[in-house]
Amino acid sequence: MSAKSKSGSAWIVLLDYGPLLVFFITYKLMGSGLQGTLAATLAFMVAAVISIVVGLMVVGRVSPMVWLSTGLIVGFGTITLYLRDPKFIQMKPTIIYLLFAGTLLAGLLKRKPLLRWLFGPVFPGLSDEGWLKLSRNWALFFLALAVANEIMRAALSFDTWLTLKVWGVSLVSFVFAIANLPMLLRHGLEPDSKAQVSEQAPVE
């Protein structure tokens, strides 16, 4: 991978994860409780919008998933602030996971791997069968994440939920992306591209 490609990938990862880290850090700095949650939600919304702007200016593109995620962050964040109820910002990951899973499953029914539209340049050489299997795997993974988020939201405090959301889900997504690597290589992925696989683990 060229230095320019590495720089671009680093920016994409930063822009994807940055708003979530801002959410987490703001909440910790403001302290637990409703006021800290609302302040963190507002910071999350602002950081997500800034991420879009910086992505367009620096990288020149923003993935469709990030556009969708930002729209939901702003929408559910606004409801959270208006009603002063944290459950709405906690519901946002569930909604986006279900949307991702539903979109991928709908594509699979038509034998159209929609992940190719999102990540085609990242996985050069991957066969049609590889794209279908990758789409299937991520669809099932997103369904599992949606169920897990609802369980965590119902059973845990906001503080614990946020910690698991930022660190636990991110780690699990990274491990899942790496676990798909052998399958991708069997289906034509160029070996030089394998370092980028983990960078494409979607962030809610």
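The values are calculated or read from the model by the stated rules, or taken from the named source; none is laboratory data. Since we're looking at a predicted model, the values are computed, not measured. So basically every Cβ, Gly included, is an ideal-geometry build from the backbone, and we count neighbours across all protein chains shown.
Could you list, in sequence order, all residues of the range 63-79 that are aliphatic (A, V, I, L, M) and either out of contact with any Leu (no Cβ under 8 Å at 6 or more places or on another chain) or surrounded by fewer than 19 Cβ atoms within 10 Å (Cβ to Cβ) (or both)?
Scanning the range 63-79 gives Leu68, Leu72, Ile73, Val74, Ile79.
So Arg61 ticks every box in (1) assigned to a helix (DSSP H, G or I); (2) over 24 Å from Arg84 (Cα atoms) but one. Which box is left unticked?
The number of the failed condition is (1).
Check whether at least one residue in the range 81-96 is touching a Leu at 6+ places or on another chain (Cβ under 6 Å) and buried (at least 19 other Cβ atoms within 10 Å of the Cβ), and report yes or no.
yes
Which of the residues that make up the range 85-114 are part of a loop (DSSP other than H, G, I, E, B) and touching a residue at least 24 places away in the same chain (Cβ under 8 Å)?
The answer is Pro86, and nothing else.
Okay, residues lined up against (1) touching a helix residue (DSSP H, G or I) at 6+ places or on another chain (Cβ under 9 Å); (2) within 21 Å of Leu99 (Cβ to Cβ); (3) among the β-branched types (Val, Ile, Thr):
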{"position": "Arg116", "(1), (2), (3)": "yes, yes, no"}
{"position": "Glu129", "(1), (2), (3)": "no, no, no"}
{"position": "Ala139", "(1), (2), (3)": "yes, yes, no"}
{"position": "Asn149", "(1), (2), (3)": "yes, yes, no"}
{"position": "Arg153", "(1), (2), (3)": "yes, yes, no"}
{"position": "Asp159", "(1), (2), (3)": "yes, no, no"}
{"position": "Leu171", "(1), (2), (3)": "no, no, no"}
{"position": "Phe174", "(1), (2), (3)": "yes, no, no"}
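What residue, of Ala43, Ala48, is assigned to a helix (DSSP H, G or I), surrounded by 17 or more Cβ atoms within 10 Å (Cβ to Cβ), under 14 Å from the mean Cα position of the chain (by Cα) and of a type in the set (A, V, I, L, M, F, W, C)?
Sole residue among the options that is assigned to a helix (DSSP H, G or I), surrounded by 17 or more Cβ atoms within 10 Å (Cβ to Cβ), under 14 Å from the mean Cα position of the chain (by Cα) and of a type in the set (A, V, I, L, M, F, W, C): Ala48.
Does Leu140 satisfy the condition of being assigned to a helix (DSSP H, G or I), modelled with pLDDT of 90 or more and surrounded by 16 or more Cβ atoms within 10 Å (Cβ to Cβ)?
When the stated conditions are applied, Leu140 does not pass them.
Going through the range 173-204 one residue at a time, which ones are surrounded by fewer than 16 Cβ atoms within 10 Å (Cβ to Cβ), at pLDDT below 85 and more than 20 Å from the chain's Cα centre (by Cα)?
Answer for the range 173-204, where residues must be surrounded by fewer than 16 Cβ atoms within 10 Å (Cβ to Cβ), at pLDDT below 85 and more than 20 Å from the chain's Cα centre (by Cα): Gly188, Glu190, Pro191, Asp192.
All but one of (1) within 27 Å of Ala179 (Cβ to Cβ); (2) modelled with pLDDT of 90 or more; (3) buried (at least 17 other Cβ atoms within 10 Å of the Cβ) hold for Gly102; state the number of the condition that does not hold.
Only one criterion in (1) within 27 Å of Ala179 (Cβ to Cβ); (2) modelled with pLDDT of 90 or more; (3) buried (at least 17 other Cβ atoms within 10 Å of the Cβ) is unmet by Gly102, namely (3).
Any chance the range 139-157 includes a residue that's in contact with a Pro (Cβ under 6 Å, 6 or more places away or on another chain) and farther than 16 Å from Pro93 by Cα?
Looking through the range 139-157, none of the residues is in contact with a Pro (Cβ under 6 Å, 6 or more places away or on another chain) and farther than 16 Å from Pro93 by Cα.
Can you report the number of residues in the range 25-40 which are farther than 17 Å from Leu164 by Cα and either buried (at least 19 other Cβ atoms within 10 Å of the Cβ) or not small (Gly, Ala, Ser) (or both)?
5
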